[in-house]
Amino acid sequence: MADKCNKKSFWGELKKRAHFWKKTKKYPLLWRALKVYCITKILHRPVVKYIDLAIDYTCNLKCKHCFASRFNIQKKRKMNIEDYRKLRKQCEKLGVLHINFQGGEPLIYKELNEIISAFSWGNKFFLSLTTNGIFATRQRLHELKSLGIDQIVLSIDTIDPQEHDRFRGVKGTFDAAWQALENAQKEGLNVSVNVCLNHKNITTAAGVVGLLERLCSRGIRVNPIFAAAVGRWQDCLDVLLTEEDIAFYNKLHNKFNNLQRDVDASWVQQGCSAIREQIYITPYGDIMPCPFIHVTVGNLFEQDLHTIISKAMNITFFKKYNKKCWVSEERDFIKKYNLYLSRALEIPIHINDCLELFSKQILKSKEKES
């Protein structure tokens, strides 16, 4: 009986995903996606299907939680258009399906169009772009769509314009973001919204809850991002969600069917899929597990993507899907991680310089708790 239910669930989910990919009209992507989905679901073999690709850290806002300024190192070699073309080929071989361009603010970057074109060639990837919306005019979004962008991801943290603008550090940011949302929908682009949830804002009925109600009524997917003590929030443990906050979030998750965190989006099994199913790449070629674990497991100027991922998957820490987000929910890990960040002269830290942080001991202590 259980097998029948699992088969029904598999085919039902496959049909739903195939319908989503088909709407992009990128048929090479559709067939690649179906293949990767079957590999992960039938063989239970993880595939790096999603990449956050930071192309530059320059930004026009002053967000309270930003970590980009710590990465903006002018002396380091940056990836150029030829490097991105090589990366596109490596991503295709690895099985990557979704590339998300981000910054900083990517719409400021002059070479953005060339980089998008490098990945849109052949229609083999679902392409999204994360933006604060300031420069997302309808004309610019029309251009991005023609280049191959399928989805616009906007950063909106509350329905209260003044509170949003205070958090983002520039007046008028909320109005610009909401106008960008309207423009993207008019252009026929898929729209998703990142909402940063922290201890101070999560239970505000007029703020976060009001935003979720508005977005849900429009059928817009929301990616709730739990606060992490990195960047300008480094050592600010008071912004982290408490157990009570997370219980409140779970109620919101049950109420609104458009909420999906990254830990809920894994294909092999639910939990943190850093390295196994998703990675983050800096403009300097560093491969990190996610945007908030500022540790590099390799660099594209030294090794190819497949080699870096294969080596990283042998690290015990990345062999399991932790049910909770390491950098926003696991307090013991967060304290040790922040200690390394405070001592670091340069970010990201190379994993060889903090192996203790990813040791078996941490996993053993977690297993005893569960």
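The values are calculated or read from the model by the stated rules, or taken from the named source; none is laboratory data. No experiment lies behind these values; they were computed from the predicted model shown. Quick reminder, even Gly has a Cβ in these numbers, built from the backbone with ideal geometry, and neighbours come from all protein chains shown. Only protein heavy atoms, including side chains, enter the accessible area calculation; ligands, DNA and RNA are left aside. Shrake-Rupley method; radii C 1.70, N 1.55, O 1.52, S 1.80 Å.
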>> Every residue in region 177-195 that is open to solvent by 10 Å² or more (accessible area, probe 1.4 Å) and closer than 28 Å to residue 234 by Cβ, please.
In response: 194
> Can you tell me which residues in region 76-93 are open to solvent by less than 30 Å² (accessible area, probe 1.4 Å), over 23 Å from residue 231 (Cα atoms) and assigned to a loop (DSSP other than H, G, I, E, B)?
Replying inline: none
> So which residues in region 109-129 are among the β-branched types (Val, Ile, Thr) and either surrounded by fewer than 22 Cβ atoms within 10 Å (Cβ to Cβ) or in contact with a Gly (Cβ under 7 Å, 6 or more places away or on another chain) (or both)?
Replying inline: 116
> List the pairs whose first member sits in region 239-259 and is in contact (Cβ under 8 Å) with a residue 40 or more places away in the chain, whose second member is open to solvent by less than 60 Å² (accessible area, probe 1.4 Å) and among the aromatic types (Phe, Trp, Tyr), and whose Cβ atoms are under 6 Å apart, counting only residues at least 6 apart or on separate chains?
Replying inline: 239/233; 241/226
>> Within region 54-73, does at least one residue satisfy the condition of being part of a helix (DSSP H, G or I), of a type in the set (Val, Ile, Thr) and either under 30 Å from residue 28 (Cβ atoms) or out of contact with any Leu (no Cβ under 9 Å at 6 or more places or on another chain) (or both)?
In response: no
> Within region 60-75, can you find the residues that are touching a Lys or Arg at 6+ places or on another chain (Cβ under 8 Å) and surrounded by 15 or more Cβ atoms within 10 Å (Cβ to Cβ)?
Replying inline: 61, 63, 64, 65, 66, 67
> Residue check: is residue 271 touching a Lys or Arg at 6+ places or on another chain (Cβ under 7 Å), open to solvent by less than 30 Å² (accessible area, probe 1.4 Å) and either assigned to a strand (DSSP E or B) or not aromatic (Phe, Trp, Tyr) (or both)?
Replying inline: yes
> Which one of these is of a type outside the set (A, V, I, L, M), touching a residue at least 12 places away in the same chain (Cβ under 8 Å) and in a helix (DSSP H, G or I): 188, 207, 219?
Replying inline: 207
>> Looking at (1) more than 19 Å from the chain's Cα centre (by Cα); (2) of a type outside the set (A, V, I, L, M); (3) crowded, with 17+ Cβ neighbours inside 10 Å, which one does residue 155 not meet, given that it meets all the others?
In response: (1)
> Since residue 308 meets every condition but one in (1) of a type outside the set (S, T, N, Q); (2) open to solvent by less than 30 Å² (accessible area, probe 1.4 Å); (3) in a helix (DSSP H, G or I); (4) modelled with pLDDT under 95, which condition does it not meet?
Replying inline: (4)
> Would you say residue 208 is touching a helix residue (DSSP H, G or I) at 6+ places or on another chain (Cβ under 7 Å) and either within 21 Å of residue 66 (Cβ to Cβ) or aliphatic (A, V, I, L, M) (or both)?
Replying inline: no
> Is it the case that region 318-332 has a residue that's surrounded by 22 or more Cβ atoms within 10 Å (Cβ to Cβ), out of contact with any Asp or Glu (no Cβ under 9 Å at 6 or more places or on another chain) and more than 30 Å from residue 92 (Cβ to Cβ)?
Replying inline: yes
> Can you tell which of 262, 245, 286 is open to solvent by 20 Å² or more (accessible area, probe 1.4 Å) and of a type outside the set (Phe, Trp, Tyr)?
Replying inline: 262
>> Given (1) open to solvent by 50 Å² or more (accessible area, probe 1.4 Å); (2) at pLDDT 90 or above, identify the lone condition not met by residue 8.
In response: (2)
